[in-house]
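Scroll down for the structure; my scribbles are underneath it.
The values are calculated or read from the model by the stated rules, or taken from the named source; none is laboratory data. Source: prediction; values computed, not measured. No Cβ is skipped: glycine too gets one built from the backbone with ideal geometry, and neighbour counts run over all protein chains shown. Keep in mind that these areas ignore ligands, DNA and RNA; they rest on the heavy atoms of the full protein, side chains included. Shrake-Rupley method; radii C 1.70, N 1.55, O 1.52, S 1.80 Å.
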Amino acid sequence: MTEIAQHLQAVILDDLTPLDAEQWAVLSPLIADKGLEAALLEVGPTPAVETAIVARTGQFIANRERKIVDEVFARTRTLRFTRLLAHLLKPESGAPIITTNYDRLIEIAAEEAGLGVDTMFVGQFAGILNEHESRLSFCREVTLRGKQVQWRYRQRVNVFKPHGSLDWYHRDGRPVRYAGDLTSPRLIITPGLNKFRNGYESPFDRHRERANSAIDRASRFLVIGYGFNDDHLETHLTPRIRSGVPTLLLTRGLSPNAMKLVEACPNVVAIQHAVVGGSQGSSVFVDRAEMQVPDLALWELNSFISEVLEP
């Protein structure tokens, strides 16, 4: 978020009228002092400023995503999540993955792992939001055993993006998915006072509902790089963890909210970065007790896979 804030500070005035620039003049020092999310929570942006923030944020992330996708396409890079998926359970109904990121690297990682990706959108050009049809597109066989109809589906992940995606746009008043870049505004929810309101519009509402339903039904959680600061998810996720659902948390640094869970919940195993004996290592919390692991970055997904899942 810091890099996005710096990018906005550098370029956004080019998109604003003199009147909207006056509001940015109020926001700008707050962003520098408190960070983007805290500033936008303190001062809600005007519609024009919010539109400019969405456009510039989407452009910034799309450029970053493009560089990574180029490397994956050329097979000079393997995404960490592609490695991880080989070790995750994949139920017949699809493995649920919830991401607050706007980029499509989760979807690409899953396809690189040989899995289908159900985003609830159907079609390549202006694909429509149709959850039922999207699920059926992964059906490979229907058989009748006695009076029972049995459906066999391709292995897949179900990706829920309650904050939107770089490939979501509006067309004729309806949300659609288009993989390329358009001049139309992307459907992404940026931080701030408007975040909660926007989350109740389509398609964010359906993705948030499916994400929270998956949280409610989960028997265990793997949480990667999440700070437990999102209002759209926290009404379900934190209570479930506090109820005793086994949880593994990998992150570079535990946020204050994450640390509260670690300190209160013996069912949470957490790993974060630490300097141990002057070298880079990990801090591991098990049953609320902390231990230091020198020379291993176990909080980083590639290292975790190599040291724990593929030793």
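If you go through the stretch 81-95, how many residues are farther than 15 Å from residue 221 by Cα and either modelled with pLDDT under 95 or surrounded by fewer than 16 Cβ atoms within 10 Å (Cβ to Cβ) (or both)? Total satisfying the criteria: 3. A search for C-beta distances below 7 Å between a residue of the stretch 284-311 that is over 15 Å from residue 274 (Cβ atoms) and any residue that is open to solvent by 80 Å² or more (accessible area, probe 1.4 Å) and in a helix (DSSP H, G or I), counting only pairs 6+ apart in sequence or on different chains, returns 288/263; 301/80; 302/80. Checked against the criterion of being closer than 23 Å to residue 165 by Cα, touching a Ser or Thr at 6+ places or on another chain (Cβ under 6 Å), buried (at least 17 other Cβ atoms within 10 Å of the Cβ) and of a type in the set (Val, Ile, Thr), the stretch 47-54 has at least one qualifying residue.
Just wondering, is there one or more residues in the stretch 287-304 that are farther than 17 Å from residue 237 by Cβ, touching a Phe, Trp or Tyr at 6+ places or on another chain (Cβ under 8 Å) and β-branched (Val, Ile, Thr)? For the stretch 287-304, residues farther than 17 Å from residue 237 by Cβ, touching a Phe, Trp or Tyr at 6+ places or on another chain (Cβ under 8 Å) and β-branched (Val, Ile, Thr): absent. Annotation note: of 212, 229, the sole residue that is in a helix (DSSP H, G or I), surrounded by 14 or more Cβ atoms within 10 Å (Cβ to Cβ), among the polar types (S, T, N, Q) and touching a Ser or Thr at 6+ places or on another chain (Cβ under 8 Å) is 212.
Check 108, 98 and return the single one that is more than 13 Å from the chain's Cα centre (by Cα), open to solvent by 30 Å² or more (accessible area, probe 1.4 Å), of a type in the set (Val, Ile, Thr) and within 26 Å of residue 181 (Cα to Cα). It is 108.
Quickly run through the stretch 55-70 and pick out the residues that are touching a residue at least 60 places away in the same chain (Cβ under 8 Å) and open to solvent by 20 Å² or more (accessible area, probe 1.4 Å). Write out each step before concluding.
Residues of the stretch 55-70 that are touching a residue at least 60 places away in the same chain (Cβ under 8 Å), as a first pass: 55, 57-58, 61-62, 65.
Across the stretch 55-70, the qualifying residues are 55, 61.
Within the stretch 255-285, being among the β-branched types (Val, Ile, Thr) and open to solvent by less than 60 Å² (accessible area, probe 1.4 Å) holds for 262, 268, 269, 271, 276, 284.
Based on what the data block shows, is residue 266 modelled with pLDDT of 95 or more and within 18 Å of residue 215 (Cα to Cα)? Walk me through it before giving the result.
On the way: modelled with pLDDT of 95 or more: yes; within 18 Å of residue 215 (Cα to Cα): no.
No, not satisfied.
Checking residue 165 against (1) free of Cβ contacts under 8 Å to residues at least 60 places away in the same chain; (2) under 25 Å from residue 65 (Cβ atoms); (3) of a type in the set (Ser, Thr, Tyr), which single condition isn't satisfied? Exception for residue 165: condition (1). Of the listed requirements (1) closer than 30 Å to residue 214 by Cα; (2) assigned to a helix (DSSP H, G or I); (3) of a type in the set (Val, Ile, Thr); (4) in contact with a helix residue (DSSP H, G or I) (Cβ under 7 Å, 6 or more places away or on another chain), residue 97 misses just one: (2).
In the condition set (1) among the aromatic types (Phe, Trp, Tyr); (2) closer than 28 Å to residue 105 by Cα; (3) surrounded by 14 or more Cβ atoms within 10 Å (Cβ to Cβ), residue 73 is compliant with all but (3).
Of all the numbered requirements in (1) modelled with pLDDT of 95 or more; (2) farther than 30 Å from residue 130 by Cβ; (3) in contact with a helix residue (DSSP H, G or I) (Cβ under 9 Å, 6 or more places away or on another chain); (4) open to solvent by 70 Å² or more (accessible area, probe 1.4 Å), residue 252 misses one, and that requirement is (3). Here residue 77 meets each of (1) free of Cβ contacts under 8 Å to residues at least 24 places away in the same chain; (2) within 25 Å of residue 209 (Cα to Cα) with one exception, condition (2).
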